[in-house]
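K.L.:
Dropping the structure in here first, questions after.
The values are calculated or read from the model by the stated rules, or taken from the named source; none is laboratory data. A quick note: this is a predicted structure, and the numbers were derived from the prediction, not measured. In this analysis, Cβ positions are derived from the backbone assuming ideal geometry, glycine residues included, and neighbour counts consider all displayed protein chains. What goes into the accessible areas is simple: the full protein's heavy atoms, side chains included, and nothing from ligands, DNA or RNA. Shrake-Rupley method; radii C 1.70, N 1.55, O 1.52, S 1.80 Å.
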Amino acid sequence: MTDNFTSDAHPGATRMVVRAFRRRCPSCGEGKLFMGWFHIRERCPHCGLRLDRGESDYFIGAYTINLIVAEIIVVIAMLSVMLYTWPTVPWETMKWGIIAMTIAAPLVTYPFSKSVWLALDLMFRPATLQDFNPALNETD
């Protein structure tokens, strides 16, 4: 599995983000990172990249991205409804719609935020051989 480390070890930023939006490994672009909508694998099944890069609070950035994107989606939807229906905005209907979207948006964007966070982290902290080899991580 570690032989892929040298083949595409430093893909460009755009390539990594596009791969992440497809819920694929930002490093190799092949591995499916999720076993379901909410469960991320420990490693990429294709290249072996460790997806949780070692810190106990690694995915705090993903949660932050998820929160920001979900809020932006809700605000854009709210403003769109207001502009489309102005001056007779259905405030009561919109209130319930916003509540529903506030619950649904983070659930919809959850896996994308995790994979995009991984891509951003790989841009600033490129993967090392240690990220691909489980035996090297046991000595940490």
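K.L.:
Given a Förster distance of 30 angstrom, what is the FRET efficiency for Q130 paired with I99, based on the Cβ-Cβ distance and rounded to 0.05?
P.N.:
0.10
K.L.:
Compute the angle between helix 60-85 and the longest alpha-carbon principal axis of the chain, please, reported from 0 to 90 degrees and rounded to the nearest 10.
P.N.:
So the inclination is approximately 30 degrees.
K.L.:
Report, to the nearest whole %, how much of the accessible area of region 30-140 belongs to carbon and sulfur atoms, 1.4 Å probe, protein only.
P.N.:
Ligands and nucleic acids excluded, carbon and sulfur reach 70 percent.
K.L.:
Any idea what angle helix 91-124 forms with the longest principal axis of the chain, computed on alpha-carbon atoms, 0 to 90 degrees, nearest 10?
P.N.:
Between helix and principal axis, roughly 20 degrees.
K.L.:
While we're looking at this one, here's another question. What distance in nm lies between label points placed 7 Å from Cα along the C-beta direction at Y63 and R15?
P.N.:
The two pseudo-label positions are separated by 3.3 nm.
K.L.:
I would also like to ask the following. Residues of region 6-54: accessible area per residue at 1.4 Å, in Å²?
P.N.:
Values: 2670 Å² over 49 residues.
Result: 55 Å² of accessible area for each residue.
K.L.:
Right, something else. Relative contact order for the chain: what percent, with Cα pairs under 8 Å and sequence separation of 6 or more?
P.N.:
33
K.L.:
Residues with beta-carbon under 14 Å from that of R125, excluding R125: net charge, scoring Lys, Arg +1 and Asp, Glu -1?
P.N.:
That works out to -2.
K.L.:
Might you work out the accessible area of M101 for me, using a 1.4 Å probe with all protein chains in place, and round it to the nearest 10 Å²?
P.N.:
It works out to around 60 Å².
K.L.:
Given a 1.4 angstrom probe, what's the average accessible area per residue across region 71-125, in square angstrom?
P.N.:
Accessible surface, normalised per residue, equals 65 Å².
K.L.:
A further question follows. In square nanometres, what is one fourth of the surface area of the convex hull spanned by the alpha carbons of region 50-99? Numbers along the way, then the final one.
P.N.:
Working: hull surface 17.8 nm².
The orientation-averaged projected area of the Cα hull of region 50-99 comes to 4.5 nm².
K.L.:
Another question, if that's okay. Taking +1 at the Cβ of each Lys and Arg and -1 at the Cβ of each Asp and Glu, which of A104, C28, I76 sits farthest along the dipole of region 1-107 towards its positive end, judged by Cα position relative to the Cα centre?
P.N.:
It is C28, whose Cα lies furthest towards the positive end.
K.L.:
Provide the three semi-axes, in whole Å and in decreasing order, of the ellipsoid equivalent to the chain as defined by the square roots of 5 times the Cα gyration tensor eigenvalues.
P.N.:
38, 14, 12
K.L.:
Expressed in nm to one decimal, what extension gain is obtained for the pair M78 and R41 from 0.36 nm per residue of sequence separation less their Cα-Cα distance?
P.N.:
9.8 nm
K.L.:
Also, quick follow-up: Which of F124, F34, F21 ends up with the largest GNM mean-square fluctuation for the chain, with Cα atoms connected below 10 Å?
P.N.:
F124
K.L.:
Please get the size of the charge dipole for region 1-90, origin at its Cα centre, with Cβ charges of +1 on Lys and Arg and -1 on Asp and Glu, quoted in debye to the nearest 20.
P.N.:
Dipole magnitude for region 1-90 comes out near 280 debye.
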